[in-house]
1. Name the one entry in GLY52, GLY61 that is of a type outside the set (Phe, Trp, Tyr) and free of Cβ contacts under 8 Å to residues at least 60 places away in the same chain.
2. Any idea which residue in the stretch 229-284 is nearest to LYS65 (Cα to Cα), counting only those that are at pLDDT 95 or above and of a type in the set (Ser, Thr, Tyr)?
3. Determine whether the stretch 214-229 contains at least one residue that is touching a Lys or Arg at 6+ places or on another chain (Cβ under 8 Å) and closer than 23 Å to VAL100 by Cβ.
4. Which ones in the stretch 221-236 are open to solvent by 50 Å² or more (accessible area, probe 1.4 Å) and either within 20 Å of PRO211 (Cα to Cα) or among the small types (Gly, Ala, Ser) (or both)?
5. What number goes with the only condition from (1) more than 16 Å from THR171 (Cβ to Cβ); (2) open to solvent by less than 60 Å² (accessible area, probe 1.4 Å) that GLU118 does not pass?
6. Check the stretch 263-273 and report whether any residue there is aromatic (Phe, Trp, Tyr), over 30 Å from ARG43 (Cα atoms) and open to solvent by less than 30 Å² (accessible area, probe 1.4 Å).
7. Can you find a residue in the stretch 147-156 that is open to solvent by 30 Å² or more (accessible area, probe 1.4 Å) and either at pLDDT 90 or above or in a strand (DSSP E or B) (or both)?
8. Taking GLN261 and the conditions (1) touching a strand residue (DSSP E or B) at 6+ places or on another chain (Cβ under 9 Å); (2) closer than 24 Å to THR138 by Cα; (3) not small (Gly, Ala, Ser), which numbered condition does it fall short on, given that it satisfies the others?
Amino acid sequence: MRLVNALSLLFDLRLAISIAIFPTLKALIWEPSLLLRPHALSRVFMANVWAGFANGTDEGGRLVKEQLITPNAYGVVLDIGAGHGHSVRYFNRARVSRYVALEPNALMHKKLRAQANEAGFHESDGTLLIISCGVEDTQSISSALSMSLPSPRSPRHDQASFPSPNTPVDTIISVLTLCTIPEPQKNIRRLVRDVLKPGGQLLIYEHVLSPREDVAWWQRFWAPVWAVAFDGCRMDRASDVWLREMKVSGEDGMSAWREVQTWGKEGEDVENLFWHSVGKFVKQ
């Protein structure tokens with residue numbers, strides 16, 4: 001692997017620090033107790049980093065998301081790690097009845113809400129639901145879904161457009177999120193089991209462990225450093241592999257999927273430390 005590619009993420013680290021350091025220090029001055037709450041401090045830093053990175057990251061994956069999300073997302077869509085809500089830009093509004101944005105970092109909710117509103121999804125009529133917990137809390141996700149159904153008197157949507165309290169979601173979207181969530185294999189299995197309806201789909205666009213050993217070595221080398229700056233993001237997770245192999249329950253169960261399609265990001269440098277995988281997984 002060329003050294004210039006192996007060291008390429010140092011530019012991104014430098015940029016992230018330059019963007020986020022002063023707003024984070026300002027937050028510390030206003031709230032010194034953040035020093036005693038490292039996880040909260042990390043979220044402040046990441047919120048400031050994402051404010052500088054989000055639009056560029058979205059544009060870098062625009063063609064992939066136009067091919068993945070626009071033709072496939074339908075019904076009630078759960079966007080895990082929604083960030084600023086960029087996924088909503090790619091929805092076919094005629095096919096998506098409700099946008100459920102799962103974003104544990106409340107500092108991102110203002111921009112997330114604004115982006116969803118611009119796309120035609122609103123909390124006032126029940127077409128938008130923002131949930132603040134993490135992927136691992138499937139009970140809170142299910143509870144929020146069942147307790148926040150829209151009024152049948154909504155002027156824009158009739159009651160039939162929405163699920164009954166016991167109906168899970170139709171589409172789960174994960175865009176650059178599986179790198180960050182805790183215990184991803186266990187928690188995504190539970191999310192698919194408890195929240196995604198039979199025949200529903202999981203759509204992913206993720207950076208994953210490279211199939212090239214030399215690139216993977218550098219990913220593992222940099223992963224602990226990158227995770228500190230980017231709120232736990234691991235660049236060395238083989239998310240695409242374990243998703244394809246995911247079972248309904250345990251290692252001896254049947255496959256969770258009746259249909260699997262995965263592909264790479266067109267034109268991507270094979271030595272990219274952020275090697276991407278794209279996929280559509282249809283639940284049994």
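The values are calculated or read from the model by the stated rules, or taken from the named source; none is laboratory data. Quick caveat: nothing in here was measured; it's all calculated off a predicted structure. Neighbour counts are summed over all protein chains in view; Cβ atoms, including those assigned to glycine, are modelled from backbone coordinates with ideal geometry. Side chains included, ligands, DNA and RNA excluded: accessible areas come from the protein's heavy atoms. Shrake-Rupley method; radii C 1.70, N 1.55, O 1.52, S 1.80 Å.
1. GLY52
2. Only one residue fits best here, namely SER277.
3. So far as the stretch 214-229 goes, no, none of its residues is touching a Lys or Arg at 6+ places or on another chain (Cβ under 8 Å) and closer than 23 Å to VAL100 by Cβ.
4. PHE221, PRO224, ARG234
5. Here GLU118 clears every test but (2).
6. No.
7. No.
8. (2)
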